[in-house]
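Since every read-out is calculated from the coordinates, none of them should be taken as a lab result. The structure displayed is predicted, hence computed values, not measured ones. Here the Cβ is made from the backbone with ideal geometry for all residues, glycine too, and neighbour counts use every protein chain on show.
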Amino acid sequence: MATTTGTLREVERSTPDAGSRVAFYVKRTVFVVLLLICTVIFLAPLVWLISASLKVRSEVFSFNFIPDPVAWENYVRVWNAAPLFTWLKNSVIVGVLAAGAVTLSSSLIAFGFSSFRFPGRNFLFGLVLATMMLPGAVTMIPVFLIWDRLGQINTLTPLWASNLFGSAFYIFLLRQFYLTLPRELYEAARVDGANYFQIWGRIAAPLPRTAMIVVFIFELKASWTDLVKPLIYLQNNALFTMPRGIKAILDQFGQGGEMQWEVVMAATVILTIPMIIIFFLGQRYFIEGLTTTGMKG
Amino acid sequence: MGTVEERDQLVESQRPTSEVARPRRGWAPFSSLAHSEKWAGYLFISPWAIGFLVFTAGPMLASLYLSFTEYDVLRPMEFIGWENYQELLEDTRLRQSLINSFYYTALHVPLATILALALAQLLAGVSGRMAHFFRTVFYVPSVTPGVAVGALFLWILNPHIGLLNRGLEALGIPGPGWTTDPVWIKPGIVIMSLWSLGGTVVIYYAALQNVPRSLYEASRIDGASSWQQFRHITLPMISGAIFFTLIVNTIASLQLFTEVYTMYFGQMRSGTASTAALFYVIYLFRQAFEFFNMGYASAMAWVLFVIIMILTAIQLRLSKRWVYYEGGN
């Protein structure tokens, strides 16, 4: 694949004179130094967050990055002050249901849009794409009223159940994949007497493994970080997801004369770490999903 | 995976035979059973259709209707015609929130674009594995939950104890009241937002890698300078990606909520910030779910929708002048 990196190497190889080779290495070194400076800037807030979460109260405003003494008790305090385990559990339940639901339903729908011919298909797919433009605020209030009528306020249901109906961007992503599958793949199954649904279940759903993981991981992230829906639908402390809970902790400990930043920071670390772990495990899927997004636009 | 597929499709569509050809637009594998296939198609997309009616189209119409009513959930809905919209025109807080959101968008979008482009260029200038490492670093803030970003930056931006002003102090610059001074609250929020520009960097870097290097080699033989190469090769070749991020970032910026709500709203009461950081969607949220003015908030939502549509239409129109699409047009 053509890369600008390649360009530089190519240039380096094709120019024999030492001057341009020196220029090449100087440029590269400058770039690396600049990138290292940017790395410090980008990582400093996170490093500082973790460091502050381990400092004792009197030290928390100091400029030292290494906490001395190390105050693990901040984590104990925040764990005791708030039902963190319940919030984590809620977040995991909602996240897995939301991501699982949207992955399966979007796959089903994308398979429908890519593998069958039916009147109005292109128009309907245009509608799918159009919904991506719609600001959430436009549907937010009536959707709230629907869940209210169904008696689902103060339950976790509104946080994930609408994902059972697919999501535009993921439908688009998976459809792109299905359009590239060779027809022989399905025909073999047809000969074996499988019905359409079985073909989806056995072949179409498991095949785009990477794309399915991209969808799952993107939605898991969206769900894990969402504050809006929990704010709208959850009043009961025991039902909070992590972001809603951490907001409550910030409200409680982060203001007035009683600022306890070390506690707030410990809570923030607990909210952030799972996402960062997932990111490092599934990094290539994040990058792949994003790259696909950008390229299709 | 994206571009390769697209290119494959392009290649395929140029082949003359449809019998052996691999999938193209309009292609369907079960064409021998045309009749049942139609129903199967509808069946497979039915979850979307139901969801669309119940969670998108229905609510859109409902919120349009609501915008002409007064409704607080407890008392019955009352139709009041254009009153909400008239009220919007006179509401000084609404005007303030709109100005705040535009101010933020006008700063964030160009700055994020330029910075992300610079970072992507740096990534492209070093070799593969190292570039991947730095790309990871830049993307980590983007996976940090909005609430965590808000809480973290409330502290980083703190005028007295925050990391930013401590750093500025070390350089001999007295830092402003990023979280307390109404003039500096929004710039502070912009700084916070720039921390999470990793997604844009990833997109630009991927676009840069797809620029054919033969173009650079040819221009080098012609004696083009680095700047000329950037201006006349790089920029046009990645203008599609830039255009995409401009649209997406503009729409997202106008709807900024989580980080700022975390910092200054809810039970975090701050007199100054409640005006200076009152962004449009935050005001809308408060009207709907704190004051229960569902009708008024619905009118606000439709105004936002119209603004976003107009801005997107303008960007689409302008794009014809500067966005370069390979293969003509």
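Count, for each residue of A:190-196, the Cβ atoms from other chains sitting within 10 Å of its Cβ, then give me the mean as a whole number.
Mean inter-chain Cβ contacts per residue within 10 Å come to 2.
Using helices alone, I'd like the mean residue ellipticity at 222 nm for chain A: each DSSP H run of four-plus residues gives -39500 (n - 2.57), total over residue count, nearest 500.
So the helix-based figure for chain A works out to -22500 deg cm²/dmol.
Quantify how strongly other chains surround peptide B:208-220 by giving the mean number of their Cβ atoms within 10 Å of each of its Cβ atoms.
The mean count of partner-chain Cβ atoms within 10 Å per residue comes to 4.
Shape of chain A from its Cα gyration tensor (a ≥ b ≥ c, root eigenvalues): rounded if a/c is under 1.5, otherwise prolate when a/b > b/c, or oblate?
oblate
Report the per residue volume, in Å³, of the convex hull enclosing the C-alpha atoms of region B:179-247.
Once divided by residue count, the hull of region B:179-247 is 106 Å³.
Classify the protein assembly as shown as rounded, prolate or oblate from the Cα gyration tensor: take a ≥ b ≥ c as the square roots of its eigenvalues, call it rounded if a/c is under 1.5, otherwise prolate when a/b beats b/c and oblate if not.
Oblate, because a/c is 1.5 or more while a/b does not exceed b/c.
Taking the Cα-to-Cβ direction at A:Ala238 and at B:Ile99 and moving 7 Å from each Cα, how far apart do the two end points lie in nm?
Roughly 4.8 nm, to one decimal.
Which of these, B:Glu217, B:Glu259, B:Glu83, has the largest mean-square fluctuation under a Gaussian network model of chain B (Cα springs below 10 Å)?
B:Glu217
Picking from B:Leu74, B:Leu208, B:Leu152, which is most flexible by a Gaussian network model of chain B using Cα springs under 10 Å?
Of B:Leu74, B:Leu208, B:Leu152, the most mobile in the Gaussian network model is B:Leu74.
Across peptide A:240-250, how many C-beta atoms of other chains are within 10 Å of each residue C-beta, on average?
So the per-residue partner count for this stretch is 4.
Modelling each spin label as a point 7 Å along the Cα-to-Cβ direction, I'd like the B:Ser127/A:Phe24 distance in nm, to one decimal.
Once both label points are built, they end up 1.0 nm from each other.
Applying a 10 Å radius around every beta-carbon, put B:319-325, A:116-122 in order of their mean neighbour count, most first.
Descending mean neighbour count gives A:116-122, B:319-325.
So which of A:Lys247/B:Lys186; A:Lys221/B:Lys186; A:Lys229/B:Lys38; A:Lys55/A:Lys247; B:Lys186/B:Lys320 end up more than 30 Å apart, counting from Cα to Cα?
A:Lys229/B:Lys38; B:Lys186/B:Lys320
Using only the Cα atoms of chain B, build the gyration tensor, take square roots of its eigenvalues as a ≥ b ≥ c, and label the shape rounded, prolate or oblate: rounded if a/c is under 1.5, else prolate if a/b is larger than b/c, else oblate.
oblate
May I ask for the distance between the Cα centers of region A:23-39 and region B:126-173, given as a whole number of Å?
Computed from Cα coordinates, the inter-centre distance equals 20 Å.
Mind telling me which of B:Leu164, B:Leu53, B:Leu43 comes out most flexible in a GNM of chain B, alpha-carbon contacts under 10 Å?
B:Leu43
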